[in-house]
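Let me begin by presenting the structure, written as structure tokens, before commenting on it.
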Number of protein chains: 2
Amino acid sequence: MNLECFFNPRSISLIGASHSERKLGGTILKNLLKFRGRVYPVNPKYNDLMGLKAYRRVEEIPEIVDLSIIIRPATEVPEILVAQRDMVRCAIIISAGFAEVGESKLQDEVKRLGQELGIRILGPNCMGIYNPYGKLDTLFLPYERLKRPKRGNIAVTSQSGAILSYLFGAIRAANVGISRAVHYGNAIDIDESDLYEYLMHDRDTDVVISYIESVGDGRKFIKNATVLSEKKPLIILKSGKGSRGEVAAYSHTGRLAGRYEVFSSILRQFGIKEALDLDDLTDKAKALSLLRSSKGNRVLIITNGGGSGVLAVDECMRQDLEVTPLPEEKKERLREIFPDFYVVNNPVDLTAQVRDEDYLVVLKELKDFYDGFIVIALANVLGITERLSEIIKNFKEDSQKPLIFHIDQSEISRKLIALLERSRIPVYPSPERAVRGLKALLS
Amino acid sequence: MNLECFFNPRSISLIGASHSERKLGGTILKNLLKFRGRVYPVNPKYNDLMGLKAYRRVEEIPEIVDLSIIIRPATEVPEILVAQRDMVRCAIIISAGFAEVGESKLQDEVKRLGQELGIRILGPNCMGIYNPYGKLDTLFLPYERLKRPKRGNIAVTSQSGAILSYLFGAIRAANVGISRAVHYGNAIDIDESDLYEYLMHDRDTDVVISYIESVGDGRKFIKNATVLSEKKPLIILKSGKGSRGEVAAYSHTGRLAGRYEVFSSILRQFGIKEALDLDDLTDKAKALSLLRSSKGNRVLIITNGGGSGVLAVDECMRQDLEVTPLPEEKKERLREIFPDFYVVNNPVDLTAQVRDEDYLVVLKELKDFYDGFIVIALANVLGITERLSEIIKNFKEDSQKPLIFHIDQSEISRKLIALLERSRIPVYPSPERAVRGLKALLS
């Protein structure tokens, strides 16, 4: 299925455009001013809106538009669709007031009309699409209220608008970026499965994260999620995990959530990644956005703080990663190089006396023996400097294996973290989260 | 046991004081300049150090000091202790180079000398004590490298210096404060159990968090941890949870970690709280620092974002908290008050159309029926303003029950979060973490 009319339309009509940014139809129109294609605001009361020529009726629009964005009251939506017969390819129905408030009949009518008229529908009860590469932004939250993440390679699909906007903040905080974001709401036509199919071919997207409360067509979901997962990482956060959660999810979108245990075991069976919670989703997405997945599960931990190293070991064990002991000959070699009080084990503990180069010494000696590396650099000791980022960057260019940092967040570490992430080396604020990031990369 | 000589000494000697902040003995001396009692720097090469009269030998100090801080090389420590016979009550041995690097004999000698001379010892291989109430700070990290948290009511005991400094950052980020912090290192005399005994009587401390790799005297640990837990919340983060972790913990402090499963089941049996990881430890500490624990496990979730509410329900179920349905008569009452599209269930979903007062309406109607409240306010909608903090503050003054916020972190929410936390209402950056915070308060 071709969803280009949604993600890269050449022309857009906005039914319910407004002159005021205090109204949803005004906020969206303002966002659309940046769009590079043609925009047709529709409002019976105006001749122009925000400097664009306005149209009183959809019938007056002079071309067949790729995408129609509808933000009129729910009860008007059927007639708006009919009025656009043969004049539009796709529609995003932002309007709420359908199955989520018990208006299932109205929703069914809209669904039927979409099929009859050959109009593909995203929504209703949704925020629509954010595509920074195409400068398309249908989200009705103004920039002052919801800062958009930078352009990047993570696609987000969300059944919940709240979670989509939460993830915008989390992705910005994680210092990674977005390729596409979609909130599809009640999903009467386009659902997560259709989006997976689109995203598997999307060249801007390297990772897909997907918040799901319920799945419409289970077979299609498994098929598309599996095929997508074979091409690029897909991480699913499923909510409504227990009986009470199911009720809450139903109230929210009018779709039944289904038994979580069944869902989760199917994901495992088909090798699709699952996130435990929002932190976990963001942490995994960050690692997969910056680094490539890799084979194996033997992990080397290098630290300058004993306790942080032990906590990393604990998390490796919870994540089924193997903290393999050092080969004896490498142990001897490192003991010759390092002072006596360095602890040459796994973790290698470089202690508070560490110097930047010590990390490189260990990595060079052991790079062939391990599949992934956790590097812990507590930046409050004198021997850790910004030079560490240069050292690690050079090592990374030689090695294809994933390397993840934990650095404690403080005024003094901010610059070092920024430098590392500029070289696409992910840094996490706790040792456990660093390990969970690495886990997302190893298989 | 009286540990006042450690935490509130009247006089301090610093053996190994230095003129330069680039040396540990200089950093500590600089920190001690703020101390209000008498300070005696000892260094054979100087007459004065940082404006204080310096002493060439400990024997020249003109009084019996409460606390001696020792930062000379490990091999010199025994003679330093002997030289202070009858002249000192307590000693913090900062110096490393003992059992953690295989020098167990030297460590045993120091331990024996402490007993023989009647000097209580904290350390060796430790950072010592931070007591902002007594302006005592023996940590060898300068302020530029490790910002200290504000004064507060959380006491931290840590077997690892790295974790102590990590927690300083985490506690600052959580916007709570510290009453006492102790890193006790190899623990040849004072250990976590002794500290629990001291802290149970400490009036500045309302919550104790404790990072442990290994326990010396198991019986004493259980006894003191249990008695402390009965007086104020104690949260333990135990590392070295598996066989590899045990080895790592042993390398780090030279004490054997023991079987984690046994340890954990004992904690449960005696009702002592345990944290899963560093995030969990900080999240629990924050809730317990700001609010009082309470009975019951029925939770009401009020949200303005459907998905965030469902994720909160999921976490409640994982935490064994009951998301009890609303009583029918309250449901009817709220349906009369609210617009049709608000979802009157548990969670109550006030949708993106929410106004600040809506939260109060729900809380007032249902305050008697629930034991704890999760309030989710996604601040990117127009109806959420800073007034919400005032509304909640007033409600909180009427109600003794714990109320916890999740607000997504953004430029726009910063002020609201700060205002709420000024009123001692904890705010968390994800719905799941908010629920885990609430769990720490309910029993």
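The values are calculated or read from the model by the stated rules, or taken from the named source; none is laboratory data. Please read these numbers as outputs of a predicted model, since none were measured by experiment. Note that we place each Cβ from the backbone using ideal geometry, even for glycine, and neighbour counts take in every protein chain shown. Side chains are part of the model used for accessible areas, which takes the heavy atoms of the whole protein and leaves out ligands, DNA and RNA. Shrake-Rupley method; radii C 1.70, N 1.55, O 1.52, S 1.80 Å.
Computed quantities for the displayed model
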{"item": "Every residue from region A:390-419 that is within 14 Å of chain B (Cβ to nearest Cβ) and farther than 21 Å from A:VAL299 by Cβ", "result": "A:GLN409, A:SER410, A:GLU411, A:ILE412, A:SER413, A:ARG414, A:LYS415, A:LEU416, A:ILE417"}
{"item": "Odd one out for B:LEU382 among (1) part of a helix (DSSP H, G or I); (2) in contact with a Lys or Arg (Cβ under 9 Å, 6 or more places away or on another chain); (3) within 14 Å of chain A (Cβ to nearest Cβ); (4) not hydroxyl-bearing (Ser, Thr, Tyr)", "result": "(1)"}
{"item": "Every residue from region B:397-419 that is modelled with pLDDT under 95 and open to solvent by less than 40 Å² (accessible area, probe 1.4 Å)", "result": "B:SER399, B:ASP408, B:SER410, B:SER413"}
{"item": "Count of residues meeting criterion [outside any strand (DSSP E or B), open to solvent by less than 20 Å² (accessible area, probe 1.4 Å) and more than 18 Å from A:SER95 (Cβ to Cβ)] in region A:49-74", "result": "2"}
{"item": "Residues within region A:249-299 that are open to solvent by less than 30 Å² (accessible area, probe 1.4 Å), modelled with pLDDT of 90 or more and over 21 Å from the mean Cα position of the chain (by Cα), tallied", "result": "2"}
{"item": "Flag for A:ARG333 being free of Cβ contacts under 8 Å to residues at least 24 places away in the same chain, out of contact with any His (no Cβ under 8 Å at 6 or more places or on another chain) and not polar (S, T, N, Q)", "result": "no"}
{"item": "Given (1) touching a strand residue (DSSP E or B) at 6+ places or on another chain (Cβ under 7 Å); (2) within 12 Å of chain B (Cβ to nearest Cβ), index of the condition A:ASN125 fails", "result": "(1)"}
{"item": "Hey, B:SER289 in a helix (DSSP H, G or I) and within 17 Å of B:ARG436 (Cβ to Cβ) or not", "result": "yes"}
{"item": "Residue in region B:94-115 that is away from chain A (no Cβ under 14 Å), within 28 Å of the chain's Cα centre (by Cα), open to solvent by less than 40 Å² (accessible area, probe 1.4 Å) and under 14 Å from B:ALA187 (Cα atoms) present", "result": "no"}
{"item": "Pairs, first within 14 Å of B:GLY128 (Cα to Cα) and open to solvent by less than 20 Å² (accessible area, probe 1.4 Å) in region B:148-169, second in a strand (DSSP E or B) and charged (D, E, K, R), C-beta under 7 Å, six or more apart", "result": "B:ALA155/B:ARG180"}
{"item": "Subset of region A:331-360 [closer than 20 Å to A:PHE405 by Cα and assigned to a helix (DSSP H, G or I)]", "result": "A:ASP356, A:GLU357, A:ASP358, A:TYR359, A:LEU360"}
{"item": "Unique residue being assigned to a helix (DSSP H, G or I), without any contact (Cβ under 8 Å) to a residue 60 or more places away in the chain and either away from every other protein chain (no Cβ under 14 Å) or open to solvent by less than 10 Å² (accessible area, probe 1.4 Å) (or both) when the list is A:GLU432, A:GLU365", "result": "A:GLU365"}
{"item": "Flag for A:VAL77 being at pLDDT 95 or above, more than 33 Å from the chain's Cα centre (by Cα) and closer than 17 Å to A:ASP189 by Cβ", "result": "no"}
{"item": "Residue count, region A:307-330 (criterion: outside any loop (DSSP other than H, G, I, E, B) and open to solvent by 10 Å² or more (accessible area, probe 1.4 Å))", "result": "6"}
{"item": "Those residues of region B:390-438 which are basic (Lys, Arg) and in contact with a strand residue (DSSP E or B) (Cβ under 9 Å, 6 or more places away or on another chain), in sequence order", "result": "B:LYS396, B:LYS401, B:ARG433, B:ARG436"}
{"item": "Residue in region B:335-352 that is away from chain A (no Cβ under 14 Å), among the charged types (D, E, K, R), surrounded by 16 or more Cβ atoms within 10 Å (Cβ to Cβ) and farther than 30 Å from B:ARG151 by Cα present", "result": "no"}
{"item": "Output for region A:124-141, where each listed residue is of a type outside the set (A, V, I, L, M), assigned to a loop (DSSP other than H, G, I, E, B) and either at pLDDT below 95 or open to solvent by 10 Å² or more (accessible area, probe 1.4 Å) (or both)", "result": "A:ASN125, A:PRO132, A:TYR133, A:GLY134, A:LYS135, A:PHE140"}
{"item": "Region A:173-193 residues that are more than 14 Å from chain B (Cβ to nearest Cβ) and touching a residue at least 60 places away in the same chain (Cβ under 8 Å), paired with ones that are assigned to a helix (DSSP H, G or I) and small (Gly, Ala, Ser) (beta carbon under 6 Å, 6 or more apart)", "result": "A:VAL176/A:SER289; A:ASP189/A:GLY114"}
{"item": "Count of residues meeting criterion [away from chain B (no Cβ under 14 Å) and in contact with a Leu (Cβ under 7 Å, 6 or more places away or on another chain)] in region A:201-215", "result": "3"}
{"item": "Flag if B:ARG422 is within 14 Å of chain A (Cβ to nearest Cβ), open to solvent by 10 Å² or more (accessible area, probe 1.4 Å) and either closer than 24 Å to A:ARG145 by Cα or within 24 Å of the chain's Cα centre (by Cα) (or both)", "result": "no"}
{"item": "Residue satisfying condition, being open to solvent by 10 Å² or more (accessible area, probe 1.4 Å) and assigned to a strand (DSSP E or B), within set B:TYR40, B:TYR46", "result": "B:TYR40"}
{"item": "Search result, residues across region A:90-121 that are among the small types (Gly, Ala, Ser) and closer than 21 Å to A:ILE28 by Cβ", "result": "A:ALA91, A:SER95, A:ALA96, A:GLY97, A:GLY114"}
